[in-house]
Amino acid sequence: MTDYQGKLIEYLDGVGVRFGVVTRQAGDKLHVTDERGKHERISLNHVIAVHSSDRLTSEPDAVISQLKSHIEAIKAEIDTEFLWESTVDEAREYELAELTRSYFGQADAIRQSALFRALMDDSLRFKRHGIRFTPRTRQHVADQITATRRRQEKEAFRQQALEWIRAVLTTDGTCDVPPAMAGLLQQTEDFLLRQKTNDATALLREAHEDLTAKEAAFELLVKTGRLDAQADPLLVIAGIEERFPRRVLEQAERLVPFQPNDARRDFTALITVSIDDEETREVDDALTIERLSDRWRVGIHIADVAHFVSKDDPLDQEAYRRSASIYLPTRTVTMFPERLSYDLASLNQDQWRPTMSFEVDFDANARVLDWQVSRGQIRVTHRLSYAQVDQMLQAQPDGLLTEQLHHLAALTPNLISQRLAAGAIIIRRPQLKIYVKDDQITVKVLDPNSPSRQLISEMMILANRLAAQYAAREGVPLIYRTQDAPDGEPGFYGAESGYDPVSVMKALRGMRRSRLSLSPQPHAGLGLDAYTQLTSPIRRFSDVVIQRQIAAALAGEPLPYEKEELLYVLGAAESAERDMRAIERQAVNYWALEYLARQPADSRHHGWILEETKGGYVVELDGLFIHGFLTTKAQHEPGDYLALCIEQVDPKKSVLRLREPS
């Protein structure tokens, strides 16, 4: 056995090759003090080379440094490919000394060390087992060389593609697409429009520090002509498809228009009014009123979408996927194809339409004396806008129509008072409507306190309440909407006496999120003992589900949903609908900021201080009712009404910074 005592050796440890002096030898184990002064215990089969030097005891650091320089110089001249070629045809495990003699003709310590280090670096051609090496097969080496070349080519293309994407994103106007980038654009389409993660995804994330991957994809597709420049980025990025699948459109085309049906309760002899915004094309509801001997009978008629759409048919599946119609300043994306939503199901004037109808008898104080729900049929005699109805209510009645509208409106204050007495919190704030056409922005503020809007709001709340009561009374499985008592005091926030954004904000923060329940429970925010929703079935899928369940019960047919299925379907639909509403709010905020950005730089605005925050105040801008940040050294209190100027507005980043005029 070789005597290692006192010798300078090179050995293999867990991290690489080290120099050390053997202080003790015990069988096949060596005790070593390494070049850092640390003590280790190693196996004999880890020894790479044994060096000797007269200066080891007096100048160990100088000796090791000189050895390293000599070893590295020899290593730099070693051609491992030549050695591999001479050994590959005899593929076996080689001792280090054998390989050293084969390459150099001798196997001294320095050459052995240099070769070991060179072979460690060439994992392509040699596989290491401790301090022994096996040449890899020709096929393995060829495969690895090909793989390495492909990786290099892929990285080169990646850098080229990244530079091209960045160039396109920073260029105004459209750009040509080099043939080499056609595949990248297809991947970008798959990522943005089909929600498929691929190689383009990482590039798009890296392309622009101010854009998300989807925003960068949208810009790239628009600027290369792959996407219509008029496409709405919010819709595209959210994955909302405006076009309907062919099978859904074909199903809509096969629908048969409603024909009068003797099995339905007939309201066509009555004056029937629909009240909506002027631009509304999905008309979900209409009203009738008639005078009986000792009471008023109001009919609340809801479009019977369940008459046209069956559970799990193509229309139903697509509506479930979409969850709701979405209304953006630039366009409307309906939940159902236009043939159904704008035509067959919509309660259009002078057309026979199927309905779910609630007949409610009131006394003079708007107390409900009796009610019933049925599958009905109506024919709207008057299509009116909110503005038209408000004008009629301001004037003296001059005919049966205006007289009936006055009687309807007279019910509203008492219905509101009843809910307030039951603990309701009624929050009314101005609603901002923005329309964008041909790049022209029109801003409109809707007054939530107008008599016509209050009238429709209370009638829809009443219909939903009665639907919940009907289901509870008849034992029809249903999903109820419940809400725990809010933190704030019951009351009316945003009344005609003046809009107070601070109190409205506090009331909103105190509200608890409504929950879905399989049993009727109070809805504290509305001041009701039970509540569901079915009054917007053309534009909200969850309402279709509730309507379908009650319609089946009224017809004596098997119920389409069991309790657990109801909860699953409505839970998924409600979650998707929340996402849609978030997109609507984001779009309104974007176009409101864009509207501000187009105003003259010296324009004056006004707004309310909502609350103090770090570095300034949160402000609600009057007329647009969006929030901005006011930087000022002046002291203000919540509710202060100030003159303001725009300091910075960036619609894409949703930034609005304000200052006080100098």
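How large, in percent, is the carbon and sulfur part of the accessible surface of the range 506-643 at a probe radius of 1.4 Å?
50 percent
Leaving out ligands, DNA and RNA, and with a 1.4 Å probe, what % of the accessible surface on the range 326-475 is carbon or sulfur?
It is 45 percent, rounded to a whole number.
Contour minus end-to-end for Lys437 and Leu292, with contour as 0.36 nm per residue of separation and end-to-end as the Cα-Cα distance?
Contour length minus the Cα-Cα distance gives 47.4 nm.
May I ask for the angle, rounded to the nearest 10°, between helix 138-169 and the longest principal axis of the chain, with both axes built from Cα atoms and the value confined to 0 to 90°?
It works out to around 40 degrees.
Just to confirm a number: summing +1 for Lys and Arg and -1 for Asp and Glu over residues other than Leu642 whose beta-carbon lies under 12 angstrom from that of Leu642, what do you get?
Computed value for this residue: -3.
Summing +1 for each Lys or Arg and -1 for each Asp or Glu, what net charge is found among the other residues whose Cβ lies under 10 Å from the Cβ of Val545?
Summing Lys and Arg as +1 and Asp and Glu as -1 gives 0.
In Å², what does the accessible area per residue of the chain work out to with a 1.4 Å probe?
For the chain, the solvent-accessible area averages 49 Å² per residue.
Considering the options Val380, Tyr342, Ile479, tell which one lies farthest towards the positive end of the dipole of the range 340-488, charges being +1 on Lys and Arg and -1 on Asp and Glu at the Cβ, about the Cα centre.
Ile479
Once fully extended, how much extra length lies between Arg41 and Ala572, figured as 0.36 nm per residue of separation less the alpha-carbon to alpha-carbon distance?
Taking Arg41 through Ala572 to full extension adds about 184.8 nm, to one decimal.
Of (i) 68, 64, 47; (ii) 70, 66, 57; (iii) 126, 67, 55, which is the value of Cα extents along the principal axes in Å derived from the coordinates here?
(iii)
Using a/c under 1.5 as the rounded threshold, could you call the range 537-662 rounded, prolate or oblate? The axes a ≥ b ≥ c are square roots of the C-alpha gyration tensor eigenvalues, and prolate needs a/b larger than b/c, oblate otherwise.
It comes out prolate by the Cα gyration axes.
Whole Å is fine, so just give me how far the alpha carbon centre of the range 110-143 lies from that of the range 309-381.
Value for the Cα centre distance between the two parts: 77 Å.
Under unit Cβ charges (Lys, Arg +1; Asp, Glu -1), what dipole magnitude, rounded to 20 debye, does the range 199-274 have relative to its Cα centre?
440 debye
Can you tell me the 0 to 90 degree angle between the C-alpha axis of helix 563-597 and the longest principal axis of the chain, rounded to 10?
90 degrees
What is the angle, in °, between the Cα long axis of helix 213-223 and the longest principal axis of the Cα atoms in the chain? Nearest 10 is fine, range 0 to 90.
It is inclined by approximately 80 degrees.
Taking the Cα centre of each part, how many Å lie between the range 51-93 and the range 24-39?
The range 51-93 and the range 24-39 have Cα centres spaced 21 Å from each other.
If you filter the range 1-104 for trypsin sites (Lys or Arg not before Pro), then keep DSSP loop positions with at most 16 other Cβ within 10 Å, what is left?
Those satisfying the criteria are Arg36, Lys38, Arg55, Arg92.
Place a +1 charge on the Cβ of each Lys and Arg in the range 233-347 and a -1 charge on the Cβ of each Asp and Glu, then give the dipole magnitude about the Cα centre in debye, rounded to the nearest 20.
My answer is approximately 200 debye.
Placing +1 at every Lys and Arg Cβ and -1 at every Asp and Glu Cβ, with all other atoms neutral, what dipole size does the chain have around its Cα centre, in debye to the nearest 20?
Computed about the Cα centre, the dipole is about 1040 debye.
What does the charge count near Pro558 come to, summing +1 for each Lys or Arg and -1 for each Asp or Glu among other residues with Cβ under 15 Å from its Cβ?
Local charge sum for Pro558: -2.
Per DSSP H run of at least 4 residues, take -39500 (n - 2.57); add these up for the chain, divide by its residues and hand me the 222 nm value, nearest 500 deg cm²/dmol.
-12500 deg cm²/dmol
Ignoring ligands, DNA and RNA, what percent of the 1.4 Å accessible area of the range 65-208 is carbon and sulfur?
That share works out to 47 percent.
The values are calculated or read from the model by the stated rules, or taken from the named source; none is laboratory data. Since the structure is predicted, the reported quantities are computational estimates derived from the model, not experimental observations. Note: ideal-geometry Cβ built from the backbone for every residue, glycine included; neighbour counts use all protein chains shown. Accessible surface is based on the protein model in full, side chains and every heavy atom, while ligands, DNA and RNA are left aside. Shrake-Rupley method; radii C 1.70, N 1.55, O 1.52, S 1.80 Å.
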